[in-house]
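Here the structure is laid out as structure tokens; the discussion comes afterwards.
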Amino acid sequence: MTDGSLKILLRSSWQTVNIGDIAHTPGILALLDRHLPQAAVTLWPNELSDAVHAMLLARFPRLRMADTPERQSAALAECDFFLHGSGPGLCGHKEAARARKAHKPYGFAGITLSDEELAKHRTILAESEFIFCRDTDSLAALEATGMAGPRTAFGPDATFALDLRDDAAAERLMAEHGLEPGKFLCVVPRLRYTPYWEIYTGRDRFVAEKDAINRQYAELDHAKLREAITEWVRQVQTRVFLVPEMTYVVSRLRALLFDGLPDDVKRHVAVIDRYWLTAEAASVYARAAAVLSMEMHSPIMALAAGTPAVLVRQPTDTRKGQMWRDIGLTEWIFEVDRSTGAQIADRIVALGRDPTHARAKAAVALAYAQARMQAMAEAVRQAVHRAKRVH
């Protein structure tokens, strides 16, 4: 299906300990596959696990990998366009700087930007072809700098385009935990700061201040989720599935959510005992009645599959939560410090009681996100063709 006449070097795949960070890559690849099917895409990833590598190639068998320094240098030299995929910030700023130095046109598709990044990497940003911010808070901050060179716009996180599935794995998992399609709620916890010192032993230093905040708020935050779980079980009268978005939370699922539930509720709550990958998770979310999450990407993955999702945002999270409002889901986002467990419970129970209305609302939000992603993909298409003509 590809003649290789257009060569895109995609910098993405930031880490594999988070199903959301994994999801960025297949999301943007799906967009490129749909809108530039003739392009030859090479992925420049951070280190991939064997399982993630296999999952990507199963969906995108023509994908090329620049997974060694030699292949990365060759791919950069050969590409027509360098594309920085969606993510939490300028994760690939060093590689974008290399593209700029090599006089390769480049752009940013669906990123959150901090004030620090805007100041520190102004030149790289200013000389890009385009910058699509995945939230309007980042876009407003970018526009406030007065940067005039690149095209700037709201372009959602590419995970909204995710179409990965592992239906067989999902069906086995659901059977194991007694879950019926459309009759369970997935709940995803999160500490206020990711304890990377646990995940990358010997690489990330222990941060006492962040650990103290995690300890201070873990019970306060998750008590509100437990209230929602309790009301779901008692009022909607279907099961709940406690699942992780990141590896570190697997061992904490019971302590954060299950152990504090009333005994009559516990009987209807299942807990996964392992980490899972994006394809399996997406298939489970697709079969859920709804998702309630303190992480951002499980709700996006759910919505991409048509499943309603409520986000409970913590103040330590970045600007990215704004995207839930940007796509019209203001009623489905709660700021945890300004919301009660009862408020969150009322909203999630309402979704469970009227799934037809909830799915219709999810469909409208997804359609808007897809329209904005199409505009982003069109900008990529135009930039790649323009670069090809110049070179």
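All of the numbers you see were taken from the coordinates with simple rules; none came from a lab. Values in this document were obtained by computation on a predicted structure and should not be read as measured data. A quick note on method: Cβ atoms are made from the backbone with ideal geometry, for glycine too, and the neighbour counts reach across all protein chains shown.
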Open item on the list: Please enumerate, by chain and number, the lysines with C-alpha under 17 Å from the C-alpha of Lys266, excluding those fewer than 8 residues away in the same chain.
Closed with: Lys183, Lys224
Task: At most 11 other Cβ within 10 Å, DSSP loop - GluC sites (Glu not before Pro), region 1-109 - done: Glu47
Task: Likely footprinting exposure, Trp232, Trp14, Trp44, fewest C-beta neighbours within 10 Å first - done: Trp14, Trp44, Trp232
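List Ile348, Ile213 from most exposed to least, where exposure is judged by having the fewest other Cβ atoms within 10 Å. Numbers along the way, then the final one.
Details: Ile348 31, Ile213 17.
Starting with the residue having the fewest Cβ neighbours, the order is Ile213, Ile348.
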- [ ] Search the structure for amide H atoms under 5 Å from the amide H of Trp44, placed 1.01 Å from N in the peptide plane, and list their residues when 5 or more places away or on another chain.
- [x] Leu10, Arg11, Ser12, Ala66
Open item on the list: Just to be sure I understand: with springs between alpha-carbon atoms less than 10 Å apart, which residue in Ala365, Ala309, Ala255 has the highest mean-square fluctuation in the Gaussian network model of the chain?
Closed with: Ala255
Open item on the list: If you average the C-alpha positions of region 10-59 and of region 265-333 separately, how far apart do those two centres end up, in angstrom?
Closed with: 21
Task: Sequence-distant residues sharing a close amide H with Ala290 (under 5 Å, placed H) - done: Phe184, Cys186
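Can you tell me the equivalent ellipsoid semi-axes for the chain? Use √(5λ) from the Cα gyration tensor, largest first, whole Å. Mind showing how you got there, number by number?
Values: eigenvalues 258, 93, 81 Å².
The answer is 36, 22, 20 Å, longest axis first.
Under 8 Å for C-alpha pairs, at least 6 residues apart: give me the relative contact order for region 168-322, rounded to a whole percent.
Numbers: 221 pairs, mean separation 45.0, N = 155.
Relative contact order, region 168-322: 29 percent.
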Open item on the list: Show me, for region 382-388, the HN-Hα J-couplings you get by feeding each phi into the Karplus relation (A = 6.51, B = -1.76, C = 1.60, θ = phi - 60°), rounded to Hz, glycine and proline as x.
Closed with: 5, 5, 5, 5, 4, 5, 5
- [ ] Determine ³J(HN,Hα), in whole Hz, for all residues of region 304-314 in sequence, where each value follows from phi through the Karplus function 6.51 cos²θ - 1.76 cosθ + 1.60 and θ = phi - 60°; x replaces Gly and Pro.
- [x] 4, 9, x, 9, x, 8, 10, 9, 10, 9, 9
- [ ] Hey, can you grab everything whose amide H is under 5 Å from the amide H of Val271? Only 5+ residues off in sequence or another chain; H modelled, so Pro and N-termini drop out.
- [x] Leu242
- [ ] Identify which of Val364, Val249, Val291 has the largest mean-square fluctuation in a Gaussian network model of the chain, with springs joining Cα atoms closer than 10 Å.
- [x] Val364
Task: Folded to 0 to 90 degrees: helix 278-287 orientation relative to the chain principal axis, Cα - done: 50
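Shape verdict for region 167-367, please, from the Cα gyration tensor: rounded (a/c under 1.5), prolate (a/b greater than b/c) or oblate.
Values: a/c = 1.39, a/b = 1.27, b/c = 1.09.
Taking the square roots of the gyration eigenvalues as a ≥ b ≥ c, region 167-367 is rounded.
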Open item on the list: What do you get for the angle between helix 341-353 and the principal long axis of the chain? Use alpha-carbon atoms, 0 to 90 degrees, nearest ten.
Closed with: 80
Task: J(HN,Hα) series, region 12-25, from Karplus relation 6.51 cos²θ - 1.76 cosθ + 1.60, nearest Hz, glycine and proline x - done: 7, 6, 6, 6, 10, 8, 9, 5, x, 5, 5, 5, 3, 5
- [ ] Using a 10 angstrom cutoff on alpha carbons, build the Gaussian network for the chain and name the most mobile of Gln322, Gln314, Gln38.
- [x] Gln38
TODO: Please arrange Lys104, Lys120 by counting, for each residue, the other beta carbons lying within 10 Å of its beta carbon, fewest first.
DONE: Lys120, Lys104
